[in-house]
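Undergrad: Take a look at this one; I'll ask things after.
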Amino acid sequence: MPTIGLGISAGLHGQRAIRRYAVSLSRELARLAPESELRLFAWRFRSVPEGFPRPSERVHYCPARVPGRFLAPLWDRGWPPPVETFTGPLDLFHSTDNEIPTVRRARRVFTLHGLAPYMRADLLPADEVRAGRAGIDRAAARCDAFLAVSEDTRRWFEEVFPHTAGRVFVTPLGLDPGFSPSPDERDGQVLRSLGVRPPYLLFVGAVSQLKNVSCLLRAHRIMNRKDLQVVLAGGVTGADPELQTLLRSSLPTGQVVLTGWMDPDGEPLRALYRGAAAYVHPSLVEGWTSPPLEAMASGTPVVASRASSIPETVGDAARLFDPLEPEELAEVLSAVLDQQDVRQNLIRQGLERAARFTWERNARLTLDAYREVLK
């Protein structure tokens with residue numbers, strides 16, 4: 001019976017998408033791999049975090065006995081203590097975020113969530129590019145296999161690091177089951193509390209240059225529909241003068257609503273998805289992105305940029321546009337809003353598309369990769 005170590009620190013304090021990944025993967029691995037022993041490693045924690053599998057004869061929690069601020073710099077240099085000091089002997093250790101521990105004998109697997117520091121360094125702060133590249137460089141040098149969240153990410157990674165070819169497995173992420181087109185009686189109240197009134201276009205994520213939100217705001221102006229709001233469900237990040245100018249002129253009119261960060265598992269976000277006339281994802285680069293699929297599962301038509309891994313994610317269930325052409329986005333949005341046959345086809349195809357992305361599928365693909373690594 002192989003003994004698998006899984007780094008779950010991201011499930012305790014990581015970014016939203018990576019936190020959900022660590023929680024969901026550990027839960028599904030515990031359910032689907034009865035032949036394996038699972039040892040979940042993280043920095044100090046006092047109890048089993050919510051959503052993770054319960055401890056059992058096969059599932060063990062192994063907190064570090066050294067604070068992360070001391071241990072992480074040692075591991076960045078490949079120095080001891082090895083992770084087996086805390087977990088016991090392992091056949092394989094899987095890093096779900098940038099934490100790459102020193103190991104004694106275990107094979108190392110690393111999840112590639114994206115390569116934005118290589119693909120679009122021009123859109124990121126210099127310190128973020130340096131830190132991001134350093135983490136990916138360490139993984140490429142030390143790990144035995146890699147799990148790419150999309151085919152696009154796999155292709156980019158093998159181009160940058162040719163020596164990894166043949167050791168990168170594509171494991172698309174899953175979609176949580178709580179998204180549904182069925183309305184809730186409280187939806188209207190939730191929207192009013194946020195200052196939102198239908199009809200509106202929705203975007204979920206960081207309001208930033210990388211996400212290309214300025215393209216959406218420019219397309220909205222081109223459409224010139226006074227009754228149509230744009231709702232940005234996320235926080236403003238980065239210093240983008242164009243975006244800041246557009247927000248300053250749009251927010252006071254009420255035609256653009258900025259909600260700030262929202263709980264990805266909360267009902268307010270799900271109400272926003274269900275009530276939107278269309279969901280728009282104008283991003284310039286994505287390793288993986290869940291919001292278009294969450295919108296599809298909510299019965300909302302999706303319009304997305306023809307960039308990076310996004311076409312691979314949405315398939316034929318979304319209308320695509322050039323992310324550098326706000327005029328094209330305005331034209332596509334007008335068709336989606338005004339033509340009922342287009343809307344209904346997108347809704348039907350979106351529901352079918354979203355149903356394919358489950359955490360069980362992600363875990364099964366991950367287990368297949370483990371077996372290849374351990375051969």
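Undergrad: Rounded if a/c is under 1.5, else prolate if a/b beats b/c, else oblate: with a ≥ b ≥ c from the C-alpha gyration tensor eigenvalues square-rooted, which is segment 235-294?
TA: Numbers: a/c = 1.89, a/b = 1.30, b/c = 1.45.
Oblate, because a/c is 1.5 or more while a/b does not exceed b/c.
Undergrad: Let me ask something else. Which whole-number percentage describes the relative contact order of the chain, with Cα contacts under 8 Å and a sequence gap of 6 or more? Before the final figure, lay out the partial values.
TA: Details: 700 pairs, mean separation 56.7, N = 375.
Relative contact order comes out at 15 percent.
Undergrad: If the chain between SER180 and ASP316 were fully stretched, how many nm would it gain, using 0.36 nm times the residue separation less the Cα-Cα distance?
TA: Working it through step by step, the gained length comes to 47.0 nm.
Undergrad: Take the alpha carbon gyration tensor of segment 1-106, find the square roots of its eigenvalues, order them as a ≥ b ≥ c, and report rounded if a/c is under 1.5; if not, report prolate when a/b exceeds b/c, else oblate. Please report the intermediate quantities before stating the final value.
TA: On the way: a/c = 1.72, a/b = 1.22, b/c = 1.41.
Oblate shape, in that a/c is at least 1.5 and b/c is the bigger or equal ratio.
Undergrad: Related question: What FRET efficiency would be calculated for the residue pair LEU324, ARG105, taking the C-beta separation as r and a Förster radius of 45 Å, to the nearest 0.05?
TA: On the way: r = 49 Å, r/R0 = 1.10.
For R0 = 45 Å, the calculated efficiency reads 0.35.
Undergrad: So what is the diffusion coefficient of segment 108-248 in µm² per second by Stokes-Einstein at 25 °C and 0.890 mPa s, using a Kirkwood Rh over Cα pairs?
TA: 134 µm²/s
Undergrad: How far, in degrees from 0 to 90, does helix 126-142 lean away from the longest principal axis of the Cα atoms of the chain, to the nearest 10?
TA: With rounding to tens, the tilt is 40 degrees.
Undergrad: Please compute the Cα-Cα pair-distance distribution of the chain with 10 Å bins starting at 0, giving whole percents from short to long.
TA: Taking every Cα pair in the chain, the percentages come to 5, 23, 31, 24, 13, 4, 0.
Undergrad: Right, another one. Considering only DSSP beta bridges whose two residues both sit in segment 187-354, what percent are antiparallel, to the nearest 5? Display every interim value, and only then the final one.
TA: Numbers: 0 of 17 bridges.
Counting only bridges with both partners in segment 187-354, antiparallel ones make up about 0 percent.
Undergrad: First measure r as the distance between the Cβ atoms of ASP341 and GLU242, then evaluate 1/(1 + (r/R0)^6) with R0 = 41 Å and state the FRET efficiency to the nearest 0.05.
TA: Numbers: r = 36 Å, r/R0 = 0.87.
Efficiency, from the Cβ-Cβ distance: 0.70.
Undergrad: How large is the dipole of segment 24-117 about the Cα centre if only Lys and Arg carry +1 and Asp and Glu carry -1, each at its Cβ, rounded to the nearest 20 debye?
TA: Details: 14 positive and 10 negative charges, 51 e Å.
Dipole size: approximately 240 debye.
Undergrad: For a quick check: sort CYS215, CYS62 by the number of other beta carbons within 10 angstrom, fewest at the front.
TA: Fewest to most other Cβ atoms nearby, the residues stand as CYS62, CYS215.
Undergrad: Can you show me the helix-derived [θ] at 222 nm for the chain, built from DSSP H runs with n ≥ 4 at -39,500 (n - 2.57) apiece and divided by the number of residues, rounded to the nearest 500. Write out the running numbers ahead of the final one.
TA: Values: 16 runs with 158 residues, N = 375.
Result for the chain, helices only: -12500 deg cm²/dmol.
Undergrad: Over segment 187-354, what number does the Rg to Rh ratio reach, with both radii from the alpha-carbon atoms and Rh per Kirkwood? Mind dumping the intermediate values first?
TA: Working: Rg = 14.3 Å, Rh = 15.6 Å.
Using only Cα positions, Rg/Rh for segment 187-354 is 0.92.
Undergrad: Between segment 98-147 and segment 193-225, how far is it from one alpha carbon centroid to the other, in angstrom?
TA: Each part reduced to its Cα centre gives a spacing of 32 Å.
Undergrad: If you filter segment 50-103 for trypsin sites (Lys or Arg not before Pro), then keep DSSP loop positions with at most 12 other Cβ within 10 Å, what is left?
TA: In loop regions of segment 50-103 (DSSP not H, G, I, E or B), the sparsely surrounded trypsin sites (Lys or Arg not before Pro) are ARG65, ARG77.
Undergrad: Can you tell me what share of the DSSP beta bridges in the chain is antiparallel? A percent to the nearest 5 is fine. Could you put the intermediate results ahead of the total?
TA: Details: 0 of 42 bridges.
In the chain, DSSP labels about 0 percent of beta bridges as antiparallel.
Undergrad: Rounded to the nearest 0.05, what FRET efficiency do ALA131 and ARG31 give with R0 = 22 Å and r taken as the Cβ-Cβ distance? Could you check?
TA: On the way: r = 35 Å, r/R0 = 1.57.
For R0 = 22 Å, the calculated efficiency reads 0.05.
Undergrad: Going by Cα centres, segment 289-308 and segment 318-344 are how many Å apart?
TA: Centre-to-centre (Cα) distance: 13 Å.
Undergrad: Can you tell me the dipole magnitude for the chain around its Cα centre, using point charges on the Cβ only (Lys, Arg +1; Asp, Glu -1), in Debye to the nearest 20?
TA: 1000 debye
Undergrad: Over all alpha-carbon pairs of segment 292-375, lay out the pair-distance distribution in 5 Å bins, whole %, shortest bin first.
TA: Pairs per bin, as whole percents: 3, 15, 20, 19, 16, 9, 7, 6, 3, 2, 1, 0.
Undergrad: Net charge near ALA271, counting Lys/Arg +1 and Asp/Glu -1 over other residues with Cβ under 9 Å of its Cβ? It would help to have the intermediate numbers written out before the result.
TA: Working: positive: ARG186, ARG270, ARG274; negative: ASP184, ASP187, GLU267.
It works out to a net charge of 0.
FYI, it's all coordinate maths here, none of it is from the lab. Computed from a predicted structure; not experimentally measured. All Cβ positions, even for glycine, are placed from backbone atoms using ideal geometry, and neighbour counts span all protein chains on display.
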